[in-house]
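Below is one structure, written out as structure tokens; the observations come after it.
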Amino acid sequence: MQIGASFPTTEIGNDASVIRDFAQGVEEVGYHYITCIDHVIQGEKPVANDWRANYTLDYPFHEVMVLLGFLAGATKSIGFTSAILILPQRPTVLVAKQFAELDVLTGGRLRAGVGIGWNKLEFDALNETFEGRAERMEEQIEVMRGLWSKRTVTFEGKWHEIVDAGINPMPVQQPIPVWVGAFVPVAIRRAGRIADGWFLNPRDNPQEAKPLIECFHQAAAEAGRDPASLGMDATLLVGGKTDDQMRAEAQSWQELGATHLTVRTMNANFDSPSAHLDALVRAMELLSDLNE
């Protein structure tokens, strides 16, 4: 199981040197990868008083593609993934180009994590249609994989038309692995059908994920795919947990078949970037023998 760290985007601040030092510190500790979340525009008030309460203008969101490019130049070996990029609110060919460039700059250290999103405000502001976004994302993934693995692409779909054209530079990985974030059964089945891996909904009780994992594996098998060949990235929330609890939770995820485990320090009442890094150092001390 590979262990990664979630970039604390809403709590790290805007000092470039602090951001650089955080990424280098995470790499030095031995984490396999860093994940970065994506939101382009926020409103003054939350959409709902649940986990989305922190997605307002009071919380900064670094632009994920630019951030990953910066982190690529600041590090040497650690992997990166967008977890997740809201794909249907962005133009497909441009995203394919950006991911390809990131894969080149990182030397093939990239996973393209994507999802359909939930905030209609963002789609409206970016002049994209909120309805039908799931179907559109499926076509987008097909287009991106073609652009990443073929010199030229000719494609005519519901949302895309490309005639004998391609991108240059091509990515190191051809194609780049595409992982999908999915929280509900219909989306989880979609991930099983088309994705190289699945980002699970963050949850404190891994046992609650059992039926969802079964759903993921069943959809993959029905699509003629080998479920064992697909990745699963679970999240370990550190807030309010003892060392024993974190260790037990990580072991449970491993037993359930998670190939990746992302340690998340946001919303854990840390008051500085150094406190986030200290928590990640401690977590790696606890989990180092699980980090393959």
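The values are calculated or read from the model by the stated rules, or taken from the named source; none is laboratory data. Computed from a prediction, not measured in an experiment: that's the story for all the values here. Glycine also receives a Cβ, built like all others from the backbone with ideal geometry; neighbour counts cover every protein chain displayed.
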*Find all pairs meeting these conditions: Cβ atoms under 6 angstrom apart; at least six residues apart or on different chains; first residue within the stretch 247-262 and assigned to a strand (DSSP E or B); second residue among the hydroxyl-bearing types (Ser, Thr, Tyr).*
Thr262/Ser6; Thr262/Thr35; Thr262/Thr235
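Restricting attention to the stretch 271-288, which residues are outside any helix (DSSP H, G or I) and either touching a Lys or Arg at 6+ places or on another chain (Cβ under 9 Å) or modelled with pLDDT under 95 (or both)? Full working, then the answer.
From the stretch 271-288, those outside any helix (DSSP H, G or I) are 271-272; that's our starting set.
Answer for the stretch 271-288, where residues must be outside any helix (DSSP H, G or I) and either touching a Lys or Arg at 6+ places or on another chain (Cβ under 9 Å) or modelled with pLDDT under 95 (or both): just Asp271.
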*Only listed residue being surrounded by fewer than 22 Cβ atoms within 10 Å (Cβ to Cβ), more than 22 Å from the chain's Cα centre (by Cα) and closer than 17 Å to Gly4 by Cβ, chosen from Leu237, Leu286*: Leu286
*Please state which of the following conditions Val18 fails to meet, knowing it meets all the rest: (1) surrounded by fewer than 16 Cβ atoms within 10 Å (Cβ to Cβ); (2) within 18 Å of the chain's Cα centre (by Cα); (3) among the β-branched types (Val, Ile, Thr).*
(2)
*For Ala165, which of the numbered conditions (1) in contact (Cβ under 8 Å) with a residue 24 or more places away in the chain; (2) among the small types (Gly, Ala, Ser); (3) over 25 Å from Phe80 (Cα atoms) fails to hold?*
(1)
*Do we find that Glu11 is acidic (Asp, Glu) and either under 15 Å from the mean Cα position of the chain (by Cα) or outside any loop (DSSP other than H, G, I, E, B) (or both) in this structure?*
no
*Could you please find all residues in the stretch 98-134 being charged (D, E, K, R), farther than 17 Å from Trp179 by Cα, out of contact with any Lys or Arg (no Cβ under 8 Å at 6 or more places or on another chain) and touching a residue at least 40 places away in the same chain (Cβ under 8 Å)?*
Glu101, Glu122
*How many residues does the stretch 168-190 contain that are part of a loop (DSSP other than H, G, I, E, B) and buried (at least 21 other Cβ atoms within 10 Å of the Cβ)?*
4
*Residue, nearest to Thr81 (Cα to Cα), within the stretch 212-234, restricted to residues that are loosely packed, with under 11 Cβ neighbours inside 10 Å and either among the charged types (D, E, K, R) or over 22 Å from the mean Cα position of the chain (by Cα) (or both)*: Asp226
*Residue check, Ala53 against (1) closer than 18 Å to Ile176 by Cα; (2) part of a helix (DSSP H, G or I); (3) small (Gly, Ala, Ser), all met but one. Which one?*
(1)
*Looking only at residues in the stretch 124-163 that are within 24 Å of the chain's Cα centre (by Cα), over 11 Å from Thr92 (Cα atoms) and polar (S, T, N, Q), which one is surrounded by the most Cβ atoms within 10 Å (Cβ to Cβ)?*
Ser149
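Any chance you could count how many residues in the stretch 84-115 are within 12 Å of the chain's Cα centre (by Cα), within 30 Å of Val47 (Cα to Cα) and modelled with pLDDT of 95 or more? Let's see the steps before the verdict.
Step one: filter the stretch 84-115 for residues within 12 Å of the chain's Cα centre (by Cα), giving 84-87, 110-115.
Remaining after also requiring within 30 Å of Val47 (Cα to Cα): 84-87, 111-115.
Applying the additional criterion that residues be modelled with pLDDT of 95 or more yields 85-87, 111-115.
Total satisfying the criteria: 8.
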*Flag if Arg145 is among the basic types (Lys, Arg), under 23 Å from Leu102 (Cβ atoms) and at pLDDT 95 or above*: yes
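Here are Val40, Val104, Val26: which of them is in a helix (DSSP H, G or I) and touching a helix residue (DSSP H, G or I) at 6+ places or on another chain (Cβ under 7 Å)?
Values: Val40 fails: in a helix (DSSP H, G or I); Val104 fails: touching a helix residue (DSSP H, G or I) at 6+ places or on another chain (Cβ under 7 Å).
The unique qualifying residue is Val26.
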*Can you spot a residue in the stretch 191-208 that is assigned to a helix (DSSP H, G or I), small (Gly, Ala, Ser), touching a Cys at 6+ places or on another chain (Cβ under 8 Å) and modelled with pLDDT of 95 or more?*
yes
*Collect the residues in the stretch 209-236 that are assigned to a helix (DSSP H, G or I) and within 20 Å of Pro175 (Cα to Cα), keeping them in residue-number order.*
Ala220, Pro227, Ala228, Ser229
